[in-house]
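The values are calculated or read from the model by the stated rules, or taken from the named source; none is laboratory data. Being a predicted model, the structure only gives us computed values, none of them experimental. Ideal geometry is used to build each Cβ from the backbone, glycine not excepted, and the neighbour counts take in all protein chains shown.
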Amino acid sequence: MKATFTQTIGNIPYLDTLEKAQLMETTNRFPFLSNSYYLSLIDWSDPNDPLRRLIIPSRQEAEPWGREDASNEKSYTRLPGLQHKYPTTVLLLVSNQCGGLCRYCFRKRIFSTSPEEVLDDLPAARNYIDTHKEITNVLLTGGDPLMLPTYHLEMILAHIAPINHIRIIRIGSKIPAFNPYRIIDDPALVDLFARYARNGKMIYIITHFDHPKEITPAAATAIELLRKTGVVLVNQTPLIRGINDHPAILAQLFRELSFIGISPYYLFQCRPALGNKTYAVPVEEGYKIFEQAKSTVSGLAKRARFVMSHSTGKIEIVGKTPEHTYFKYHRAANDKDSGRFMIFKCNPNAYWFDDYDEIVYDYPIDQPYRLYGPD
């Protein structure tokens, strides 16, 4: 099945003329993109359909809130398209194309104002990685790497995989949800993953299923094809208002993922990017939703951690009492913050770590053990 793309709200027959005109004002600032497969999953008779909310623009995106680069990725960019935030991991922005544009995307800038952030010098990226022996993980992201032609993706893997100190290659993709036929109808892509999964490197595919409705029979077939290649599959999703912000829905998502062989990996706090206020859930409300969801699923379905990708590192929300909220650096950009545990006075209106200012307890780990060798 070939999914056809649509980049214009006016081409969607299920919206009336007035709604199209109103939403085109939003897309003048934040572009729209979807495809025929994904649009077919929407119940157009339901104005609150979660997949409709995920892909169709909202007038509320015009509400002033957030920053263009919410996690300050620019400060960790070493080459155009190469970010090095954590010592052992390099991130490569290999594409500025997606199977659809999630309305809450934290990197929407690369689809509109900053396409130059995408990697355009693969040999330079390889040289950077080759000379930084502490790097063991390479994450391919974007955009979506699986939007690249298979031969282009193979070229990237051929540059990265031979580097001796690279042990893991991660590929972040929403294609299994947006258009599973990209995988089903391309045996060369499946063969590519099978070859690289057998060459001594671990290949992880980080899927991006946000709602149980995305786990269709076609999506399950695509996942099974990937599993047979030997790649490891895990899933990450942000917590998004109107999509998966109910414990029963989030639990069903975790459960269904485990049924098709995908481990829940991260539940992300929605980043305070431009246009995202209408999609964000306060941190403490999100923690309650997360814990209630986990309480109803098996151990295999409750592996996810609730984190936020802050400019200073990945901060896990680990607990809450009526008075206090507990945080820990799951991974820190600066070694001195590794394992740091913090207790703040509760703030039910906090959407991000920066919204907490009344700290009660701060315990740093003075001398973190360095697994990745000397500088």
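Structure above, values below:
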| item | result |
| --- | --- |
| Check on T278, more than 30 Å from D46 (Cα to Cα), among the β-branched types (V, I, T), surrounded by fewer than 22 Cβ atoms within 10 Å (Cβ to Cβ) and more than 17 Å from the chain's Cα centre (by Cα) | no |
| Condition met for P80 (free of Cβ contacts under 8 Å to residues at least 60 places away in the same chain and more than 20 Å from I175 (Cβ to Cβ)) | yes |
| Sole residue being in contact with a helix residue (DSSP H, G or I) (Cβ under 8 Å, 6 or more places away or on another chain), hydrophobic (A, V, I, L, M, F, W, C), in contact (Cβ under 8 Å) with a residue 12 or more places away in the chain and not in a helix (DSSP H, G or I), chosen from L146, L140 | L140 |
| Segment 339-365: number of residues that are farther than 28 Å from P87 by Cβ and assigned to a strand (DSSP E or B) | 2 |
| Residue within segment 59-73 that is of a type outside the set (S, T, Y) and under 23 Å from I160 (Cβ atoms) present | yes |
| Some residue of segment 120-132 being closer than 20 Å to C270 by Cβ, in a loop (DSSP other than H, G, I, E, B) and at pLDDT 95 or above | no |
| Wholly within segment 184-274, helices (runs of 4 or more DSSP H) carrying at least 1 residues that are of a type outside the set (A, V, I, L, M, F, W, C) and closer than 20 Å to D144 by Cβ | 187-197, 217-229 |
| Count - residues of segment 190-230 that are among the β-branched types (V, I, T) and crowded, with 20+ Cβ neighbours inside 10 Å | 6 |
| Leading residue by the ranking (nearest to Y266 (Cα to Cα)) among those in segment 306-316 that are among the small types (G, A, S) and crowded, with 19+ Cβ neighbours inside 10 Å | S309 |
| Count - residues of segment 317-338 that are surrounded by fewer than 16 Cβ atoms within 10 Å (Cβ to Cβ), outside any helix (DSSP H, G or I) and at pLDDT below 95 | 1 |
| Which numbered condition P374 misses (of (1) assigned by TED's automatic domain parsing to the domain that holds S258; (2) at pLDDT below 95; (3) not in a strand (DSSP E or B)) | (1) |
| Meets criteria (buried (at least 16 other Cβ atoms within 10 Å of the Cβ) and in contact (Cβ under 8 Å) with a residue 60 or more places away in the chain) for I169 | no |
| Residue list for segment 111-158, filter: surrounded by fewer than 18 Cβ atoms within 10 Å (Cβ to Cβ), in contact with a Lys or Arg (Cβ under 7 Å, 6 or more places away or on another chain) and within 19 Å of Y196 (Cβ to Cβ) | T136, N137 |
| Test: residue in segment 307-316 that is part of a loop (DSSP other than H, G, I, E, B), at pLDDT 95 or above and in the same structural domain as T77 (by TED's automatic domain parsing) | yes |
| All positions within segment 283-304 that are surrounded by 17 or more Cβ atoms within 10 Å (Cβ to Cβ) and more than 15 Å from P247 (Cα to Cα) | R303 |
| Qualifying residue in segment 68-88 (condition: in contact with a Leu (Cβ under 7 Å, 6 or more places away or on another chain) and not assigned by TED's automatic domain parsing to the domain that holds P217) | yes |
